[in-house]
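Engineer: Handing you this structure, nothing more for now.
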Amino acid sequence: MDIRSVSAASTAGDRDAMLGRIREALREPAPLPAEHNPHEFREWLPSAGDSQEERIALFARLSEMLRTEFVECSDERAAAAHVAQLATDQAWKRISRHPGALCDAVAAHLPPALSLMSTDAGYAKDDLENCDAGLSECECLVAQTGSVCVTALSSGGRALSVLPPHHFVVARRSQLVADLTAAFDLLARKYAGKYPSFMTFITGPSRTGDIERILVLGAHGPRKLTVLLLP
């Protein structure tokens, strides 16, 4: 038999098998989204601990693995001092920020020599991209995955957490939730179905390993992510 005939027969057989599996799957109706209970998935997900201290320790451990800088700060002044030290060490000139109670409190203690750009009155994309760092708040921190949940409302739109090469997130201890289920519950309660146009979970700085399996940071966003945890 011609080898080309064997190859064609094999391809046709694979196609028929695949189509057969699709036909079989279509016989069972897919459940509606409302039928899913996210709490059912908790038994398959890793535990985040029973106490807040255990969850903070887990978040810190995962942050180290993910190359997120995690800093527990005594107050807003200490958080600002950490940002200011990095600004001095790396000769930063400008930081963009989203106005909010936490961001405003930290920004108030930054040195006057460091120019602050606010995103609340609109901005040019190039100006934001040319900032050395971005400072934002978040919806919550997720102990289970070491993630930061941000939305368009909590992080000043879509670009602030993406364009500056260093992203700072300011959060309270009370914003640390155990797992992804708790994070989705929080969003559902807070927005009651009227969700912001942008919601995402940031797990470490932007990275890719597509090219020769070499890890490259900053491929599609900030090269550095710092979480400043306040009491």
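Engineer: Express in nm, to one decimal, how much length is gained between T203 and A25 on full extension, taking 0.36 nm for each residue of separation and deducting their alpha carbon distance.
Structural biologist: 60.7 nm
Engineer: Would you please classify the overall shape of the range 72-150 from the alpha carbon gyration tensor, given that a ≥ b ≥ c denote the square roots of the eigenvalues, rounded means a/c under 1.5, and beyond that prolate means a/b larger than b/c while oblate covers the rest?
Structural biologist: oblate
Engineer: In the neighborhood of L86, defined by Cβ-to-Cβ distances under 15 Å, what is the net charge if each Lys or Arg adds +1 and each Asp or Glu adds -1?
Structural biologist: +2
Engineer: Continuing with this model, one more query. From the Cα gyration tensor of the range 112-182, with a ≥ b ≥ c the square roots of its eigenvalues, which class applies: rounded if a/c is under 1.5, or else prolate if a/b is larger than b/c, or else oblate?
Structural biologist: The shape class here is prolate.
Engineer: How would Y191, Y123 rank on accessible area, largest to smallest, probe 1.4 Å?
Structural biologist: The ranking, largest first, comes out as Y123, Y191.
Engineer: Kindly rank 105-113, 92-100, 149-157, 17-25 from highest to lowest mean number of other beta carbons found within 10 Å of each residue.
Structural biologist: 149-157, 92-100, 105-113, 17-25
Engineer: A follow-up question, please. Put S47, S118 in order of accessible area, largest first, 1.4 Å probe: what do you get?
Structural biologist: In descending accessible area the options line up as S47, S118.
Engineer: On the full set of protein chains, 1.4 Å probe, figure out the accessible area of D185 and give it in Å² to the nearest 10.
Structural biologist: 40 Å²
Engineer: Please list, or write none, the lysines whose alpha carbon is within less than 28 Å of the alpha carbon of K194, excluding same-chain residues fewer than 8 places away.
Structural biologist: Once the sequence-local lysines are set aside, what remains near K194 is K125.
Engineer: Starting from the residue with the highest accessible area, list F184, F198 in decreasing order, probe 1.4 Å.
Structural biologist: F184, F198
Engineer: For C140, which sequence-distant residues (separation of 5 or more, or a different chain) have an amide H within less than 5 Å of its own amide H, given hydrogens modelled in the peptide plane?
Structural biologist: Amide H neighbours of C140, under 5 Å, 5+ apart: C149.
Engineer: Ok, one more. Apply 1/(1 + (r/R0)^6) to the Cβ-Cβ distance of K190 and R223, taking R0 = 35 Å, and write down the FRET efficiency to the nearest 0.05.
Structural biologist: 0.70
The values are calculated or read from the model by the stated rules, or taken from the named source; none is laboratory data. Bear in mind the structure is a predicted one, so any value in this text is a computation, not a measurement. No Cβ is skipped: glycine too gets one built from the backbone with ideal geometry, and neighbour counts run over all protein chains shown. Accessible surface areas use protein heavy atoms only, side chains included; no ligands, DNA or RNA. Shrake-Rupley method; radii C 1.70, N 1.55, O 1.52, S 1.80 Å.
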